[in-house]
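The values are calculated or read from the model by the stated rules, or taken from the named source; none is laboratory data. Keep in mind the model is a prediction, meaning the values are calculated, not measured. Backbone-built Cβ (ideal geometry, glycine too); neighbour counts: all protein chains shown.
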Amino acid sequence: MSNGLKFLVDVGVGKKVEEWLLEKGYDAKAVREIDPRMEDEKILDIAVSEKRMLITMDKDFGELVYNSGLSHSGVLLLRLEDAKADKKVETVERILTQHSNKLLNSFCIFQDGRLRIRR
């Protein structure tokens, strides 16, 4: 099921999404387990060096990728400000089910029930 996608899950996304990815057989690492206070640039460095797509709720990554031109292996920005853990899992599951073949190396923003993918 995992189709080769590997993930780095940012702190704000939460443990439930990390656990769901692992249960589904995805290769997923949690920033929380490496260093919960890691700087955004370092998070992107790890994601790139390990070819992992970053799942985050931190809008700063859009800034880093587009304005600073930092490279990435794909970013999935979840704009789910008040979502509970189950809603986040449901959203990630839907995105991976419907769009996993288009995610790699893309900057994706999920907002208002829609996924925008920028290559």
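Between A83, A28, which is small (G, A, S) and touching a strand residue (DSSP E or B) at 6+ places or on another chain (Cβ under 6 Å)?
The unique qualifying residue is A28.
Given (1) surrounded by fewer than 17 Cβ atoms within 10 Å (Cβ to Cβ); (2) without any contact (Cβ under 8 Å) to a residue 24 or more places away in the chain, identify the lone condition not met by P36.
With respect to (1) surrounded by fewer than 17 Cβ atoms within 10 Å (Cβ to Cβ); (2) without any contact (Cβ under 8 Å) to a residue 24 or more places away in the chain, P36 is out only on (2).
Only one of D112, D58, D86, D27 is at positive phi and either among the charged types (D, E, K, R) or in contact with a Lys or Arg (Cβ under 9 Å, 6 or more places away or on another chain) (or both). Can you tell me which?
D112
Please go through the range 97-110 and give me each residue that is under 18 Å from A47 (Cα atoms) and either assigned to a strand (DSSP E or B) or acidic (D, E) (or both), ordered by number.
F107, C108, I109 - these are the residues of the range 97-110 that are under 18 Å from A47 (Cα atoms) and either assigned to a strand (DSSP E or B) or acidic (D, E) (or both).
Is it the case that the range 62-74 has a residue that's out of contact with any helix residue (DSSP H, G or I) (no Cβ under 7 Å at 6 or more places or on another chain), surrounded by 14 or more Cβ atoms within 10 Å (Cβ to Cβ) and either at pLDDT below 95 or farther than 16 Å from V17 by Cβ (or both)?
yes
Given the residues K59, K6, K42, which is the only one that is of a type in the set (K, R) and touching a residue at least 40 places away in the same chain (Cβ under 8 Å)?
K6
Can you go through V31, V48 and tell me which one is under 13 Å from the mean Cα position of the chain (by Cα), within 19 Å of I117 (Cβ to Cβ) and at pLDDT 95 or above?
Step by step, each of V31, V48 is checked, and only V48 is under 13 Å from the mean Cα position of the chain (by Cα), within 19 Å of I117 (Cβ to Cβ) and at pLDDT 95 or above.
Based on this model, can you work out whether D58 counts as surrounded by 13 or more Cβ atoms within 10 Å (Cβ to Cβ), farther than 19 Å from L5 by Cα and charged (D, E, K, R)?
yes
Quick one: is L96 within 15 Å of V11 (Cα to Cα), at pLDDT 95 or above and surrounded by 19 or more Cβ atoms within 10 Å (Cβ to Cβ)?
No; evaluated as a whole, the condition is false for this residue.
List the number of the failed condition for V89; all other conditions in (1) over 19 Å from K42 (Cβ atoms); (2) among the β-branched types (V, I, T); (3) surrounded by 13 or more Cβ atoms within 10 Å (Cβ to Cβ); (4) free of Cβ contacts under 8 Å to residues at least 60 places away in the same chain hold.
Of (1) over 19 Å from K42 (Cβ atoms); (2) among the β-branched types (V, I, T); (3) surrounded by 13 or more Cβ atoms within 10 Å (Cβ to Cβ); (4) free of Cβ contacts under 8 Å to residues at least 60 places away in the same chain, only one is false for V89: (4).
With the structure loaded, tell me whether D10 is of a type in the set (D, E, K, R), buried (at least 20 other Cβ atoms within 10 Å of the Cβ) and within 11 Å of the chain's Cα centre (by Cα) or whether it fails that test.
yes
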